[in-house]
Every structure is written in C-alpha cells, then in structure tokens.
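The values are calculated or read from the model by the stated rules, or taken from the named source; none is laboratory data. Note that the structure is predicted; figures quoted are calculated from it, not measured. FYI the Cβ positions are ideal-geometry reconstructions off the backbone, even for glycines, and counts take in every protein chain you see.
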Amino acid sequence: MDVAELKKEVIVFSKTIGIDKIGFASPDPFTEMKQRLIRQQELGYQSGFEEKDIEKRVTPSLIFDSPQSIIAIALAYPSKMKNPPKGKKGERRGIFCRASWGEDYHTILREKLAKLEAFLKEKVEGARCKSMTDTGELADRAVAERAGIGWSGKNCAIITPEFGSYVYLGEMITNIPFEPDTPLEDQCGDCRKCLDVCPTGALVSAGQINAKRCISYLTQTKDFLEDEFKVKIGNRVYGCDSCQTICPKNKGMDFHFHEEMEPEPEVAKPLLEPILRLSNREFKELFGHVAGAWRGKKPIQRNAIVALAHFKEESAVPELIRLLHEDPRPVIRGTAGWALGKIGGEEAKGALLVAQNKEEDPEALEEIRKGLAFFEMD
C-alpha cells in the first residue's frame with residue numbers, strides 16, 4: 001500500500017463529500033494537553049460535560065488498539081443570518097449561538113466521518129477506524145491543533161486561517177500510518193480582545209477557561225442560576241459567541257457551504273414567550289434537530305425567563321405568574337419569581353406575595369424573596 005498516494009486520495013475525496021479542511025496527526029499521547037487538563041481539574045474549572053477519564057482524553061491507544069494515525073476534519077459554519085427577525089416590545093426574541101444554527105452538527109460530522117470510513121475500508125483491506133466528535137473521548141481541539149487544522153486561540157477555540165474559529169471539529173483514529181501534517185504557529189500575538197470581552201470573566205488567562213463561569217456552559221445547566229450570571233446572560237437562550245465575534249481573525253468570516261447548517265430564523269432567534277408554553281413534544285418538534293436542544297426544554301425555558309427579565313418585558317407578566325403558581329418545577333417557579341420582581345408592577349408584586357406564602361421549595365422561595373426585594377429598592 002502506497003500510504004502517501006492514499007493520503008492524497010483521501011484529501012481529494014474529502015472535498016467531494018463536503019469536508020472543508022482535513023489534516024493528519026500522529027497518535028502519540030497528548031502530554032501537554034494532559035497537564036492542562038490536570039490543572040483544570042485541580043482548579044475545579046471543568047464543566048462536567050466532558051469525558052471524566054483524563055487518560056482517555058489524551059491517549060489514543062487507550063480507546064483504539066494499535067493506532068497508527070489520526071485524521072482531523074473541520075466544517076465551516078455560517079456566522080451571519082440572512083434576514084434575521086427583529087425583536088420588539090411585546091415580541092422579544094432570544095438567540096441561539098451560531099454553533100446551534102441549522103441541523104445538529106454532531107449528526108453532520110458523523111455522516112461525513114462515516115463516508116470517510118467507508119472510503120478507507122474500500123481502499124485498504126483490514127482498515128480499522130474509530131470516529132468521534134466533541135462528545136467522544138479525545139480532546140478534539142488538541143487533535144485539530146496537532147493535525148494543522150488551526151492553532152488554539154486564547155479563547156480556547158481552534159482558529160483556522162481560512163474560516164476563523166467558525167468550524168466544527170471531528171476526528172478519526174485509524175490503523176493506517178498516514179504521514180502527519182505540521183501544526184500551525186499561534187497567530188494570536190499580543191491580542192487579548194476575547195479575554196477582555198468575556199461577560200463573566202470565564203477566560204481567566206490565555207488558553208485557560210473556567211468552564212463553570214462560561215455562559216455557554218451556564219445556559220446548558222438545569223439548576224438555579226446565580227444572580228451574577230442571570231444579569232450577564234442577556235437574551236441568550238443557548239450558548240455564547242462573545243469571544244468569537246470579537247476575534248479579529250473572524251472578521252469577514254461567513255461561509256454558507258452546507259445547506260443543512262443554514263439557520264432557520266424562527267428557531268435560531270425564537271420568540272421568548274411562546275417557549276414558556278411548549279410541551280415536551282412541541283419543544284422536540286421545534287428545536288429537536290438543533291444542537292442546543294440536547295439538554296431538553298428546562299434550561300431553554302429558564303433562560304427564556306431570564307431573557308424576558310433582561311428586557312423587563314411587561315407583556316410576559318401573566319405568563320410568568322402562571323409559571324410561578326402552576327409549574328411543577330421549582331427552578332422554573334423560582335426563576336419566574338425573580339423575573340417578575342425584575343420586571344416590576346403591582347400585578348407582579350401581588351403574585352409574588354401570594355407565592356411567598358405557599359411555596360414549599362426552599363430554593364424557589366429564596367428566588368421569590370429576591371423578586372420581592374426588587375420592590376424595596378424602588
């Protein structure tokens with residue numbers, strides 16, 4: 001087998017199936033990444049969503065027998081929406097981050113990787129492959145960096161020269177010994193715009209993030225949000241793009257190569273009030289195909305409540321009162337109580353006084369009392 005020739009064929013084939021960038025890396029342990037992950041763990045900066053076993057995240061041989069190389073891929077996604085709907089008083093809108101526009105990127109990446117696997121197995125007898133996305137064991141950014149896809153920016157995103165950081169990443173471990181590509185040099189220089197713009201200070205230093213303070217993480221949690229974060233989230237219902245939109249390397253980067261990644265305006269920038277009334281089935285029908293739906297409707301509804309409070313949207317008061325009195329979930333009742341206080345008005349205050357006397361959940365009751373405290377400030 002002429003592996004050098006095969007590599008050329010793989011690169012050509014990858015373009016025909018819509019892979020925007022491809023790179024090859026050695027399967028050696030990611031020792032530098034290991035030290036960074038250990039430090040993250042020591043500092044308590046991990047989100048809890050990642051693979052728990054650090055060794056598996058950095059040692060390909062632990063998850064694949066006798067690995068010979070790793071193929072990394074990147075798909076460019078849009079950064080701008082055509083004809084985005086505008087929110088207005090009485091019709092406020094939330095926003096999903098760009099990585100949750102269009103079809104769930106995990107599905108798109110898996111389809112591309114499956115086609116790549118089939119191609120290799122057709123070309124090479126005995127070829128073995130294991131593909132994954134960011135839900136897999138390996139640290140995908142470390143693989144992409146080693147494979148020359150891009151460099152790891154200060155915002156902890158892979159930044160490519162061609163597409164900026166607006167790329168989805170996937171990788172495939174294989175027993176075919178492809179020649180590795182050369183990693184790119186860091187091109188961030190002295191720029192620290194991403195660190196300065198982060199709403200919650202989650203980017204503690206260049207290349208280090210306290211995931212528990214990151215709005216992308218916070219919008220995916222299911223519990224009560226701390227007050228300092230509620231006031232920072234704004235109208236984000238899922239994810240955050242601040243450290244990407246500020247990046248000079250992303251200026252002018254907007255690619256519409258993949259129809260399945262195109263945002264549906266009413267899904268990517270949804271009306272907030274209707275979200276509060278969705279049943280589980282309705283939520284799945286409306287949002288089930290996007291990446292931001294993976295945690296279910298509860299976080300999205302809680303975030304929508306926070307967004308309505310951010311706008312001080314008076315038209316939402318009746319719906320928030322309904323949630324305060326009737327919703328079975330303490331997080332939703334409590335957040336609605338806090339939001340009613342933030343919005344204000346006699347109707348909201350009256351509902352909070354009633355709720356204060358009947359709420360039995362201690363955390364929800366605390367949020368209701370916070371809502372009432374807003375009236376004392378006036």
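Looking only at helices (runs of 4 or more DSSP H) that fall completely inside the stretch 224-278, which ones have 2 or more residues that are of a type in the set (A, V, I, L, M, F, W, C)?
The qualifying helices (runs of 4 or more DSSP H) are 227-233, 265-268, 272-275.
On the basis of being surrounded by fewer than 18 Cβ atoms within 10 Å (Cβ to Cβ) and basic (Lys, Arg), does Lys249 make the cut? For Lys249, the condition - surrounded by fewer than 18 Cβ atoms within 10 Å (Cβ to Cβ) and basic (Lys, Arg) - is not met. Of all residues assigned to the stretch 194-213, none qualifies as being within 22 Å of Ser79 (Cβ to Cβ) and in the same structural domain as Ile63 (by TED's automatic domain parsing).
Of the residues making up the stretch 90-116, those that are over 30 Å from Pro299 (Cα atoms) and surrounded by fewer than 19 Cβ atoms within 10 Å (Cβ to Cβ) number 2. Kindly indicate whether any position in the stretch 45-57 is crowded, with 21+ Cβ neighbours inside 10 Å, in contact with a helix residue (DSSP H, G or I) (Cβ under 7 Å, 6 or more places away or on another chain) and modelled with pLDDT of 95 or more. No, there is no match, as no residue in the stretch 45-57 is crowded, with 21+ Cβ neighbours inside 10 Å, in contact with a helix residue (DSSP H, G or I) (Cβ under 7 Å, 6 or more places away or on another chain) and modelled with pLDDT of 95 or more.
Looking across the stretch 193-220 at every residue that is in contact (Cβ under 8 Å) with a residue 60 or more places away in the chain and within 21 Å of Lys298 (Cβ to Cβ), the one that is farthest from the chain's Cα centre (by Cα) is identified as Lys212. Remark: Val317 matches the filter, which requires a residue to be surrounded by fewer than 22 Cβ atoms within 10 Å (Cβ to Cβ), outside the structural domain of Gly164 (by TED's automatic domain parsing), in a helix (DSSP H, G or I) and hydrophobic (A, V, I, L, M, F, W, C).
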